[in-house]
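Structure first, commentary second.
The values are calculated or read from the model by the stated rules, or taken from the named source; none is laboratory data. In this text, all values refer to a predicted model and were calculated from it rather than measured experimentally. Cβ: placed from backbone, ideal geometry, glycine included. Neighbour counts: every protein chain shown.
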Amino acid sequence: MRGERGFATLSRVLDVGVLVLAVDRTLDYANGGACTLLGYASSEDLAQHWAEFQKLLDPALDRACDEANVAVPLEIDLAATQITRRLRLEIYRLDGDQCDGFLALVRDQHMQEALEHELALAIQMRGLTQFYMQVVHDLKAPLNAMVINLELLRDTLRAGEAASDAVYERQKRYVDVLGEEVHRLNRSLTSLLTQTPRLDDAQQRFDVRELVQELVLLLEPQARSQHVTVEVDLGSQPLPLLGRRDRLKQALLNVAVNALEAMTAGGVLGIRVTAENDQTHITIGDNGPGIPPEILDRIYQMHFTTKSGGTGIGLFVARSVVRAHNGEIRVATTPGKGTTVHIHLPLASGSD
């Protein structure tokens, strides 16, 4: 009894709905948060209507038997308030390889998205610090060239003296260099303004290949400074997605920055986008040291990191964003050879 009370207290502190299902998928336990989110006053009321929810969850429970854990979106109509509530369920298989029941965590989708938005902003600020430092470094070169050429141009200007043809040619050359460097500065500043993720919440239709091209522009300064070659394969056919473009861009950026940070002594960052049936497949791979097997099952945990100064929320947000787009993310790693992240997302249909 004490253990059950402790479990109920823990679930309240975590602010999440908790469901425990028996091996035959009947409801064994539901905390107050789960009952509220599902629209019932008590666990007894929920148990009486559980058969309705079980039908909705059966496909996900079947998958959980094979995949250990799955995440599924769920929309329910609350009859008392005539409100449609968007939920997200994370379902875990109990007792390791033997499917001896299930644990389901229930969260309000709107609250989860708000949390992810705040976490993404935190990551963005950290990532943009490095990005801005690299941009400042890139801006120094044209500014120095402009200063030098302005001084040379000044030396050729003598008050009251007519310039010879040779002096005129030198002046023209200095002015041409100044013009080129001004255009170079303009390009760098335009990139800074247009490539900064804004985390727009609007759902839209977009070509994932264009999003990846923008991502590469963001990554190139850091890749150059680390002597990392970026290899990109986008194919030739449009790959339309429907969703929150900036959030997905931030998720891919999180994964790619992790790959870059794994290659401190140089290497190759490979980004490939393909399509199969109704899915687009994005792979982001590095040839760094790989992920040790003993921590592989913890990489998606919030605040888990092996890097000094890391936040440990990059992959947590990336997986949440991918799942919110009804996609899947999977990590394949070989110690000493590198890591590849596979992301599958549903393509938008012609009618979307």
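General observations
- Elements of type helices (runs of 4 or more DSSP H) contained in the stretch 1-119, each with 1 or more residues being touching a strand residue (DSSP E or B) at 6+ places or on another chain (Cβ under 7 Å) and at pLDDT 70 or above: 32-38, 43-48, 50-67
- The stretch 276-317 - residue that is of a type in the set (A, V, I, L, M) and modelled with pLDDT of 90 or more and, of those, nearest to Thr334 (Cα to Cα): Ile284
- Residue match in the stretch 224-244 (condition: basic (Lys, Arg) and at pLDDT below 80): no
- Just so you know, in the stretch 177-209 the residues that are part of a helix (DSSP H, G or I) and at pLDDT 75 or above include one that is surrounded by the most Cβ atoms within 10 Å (Cβ to Cβ), and it is Val208.
- For first residues located in the stretch 220-238 and assigned by TED's automatic domain parsing to the domain that holds Gly288, partners that are part of a strand (DSSP E or B) and of a type in the set (S, T, N, Q) and lie 6+ apart or on another chain with Cβ distances below 7 Å form the pairs Gly235/Thr274.
- Filter pass, Ala122 being modelled with pLDDT under 75 and more than 30 Å from Ala223 (Cα to Cα): no
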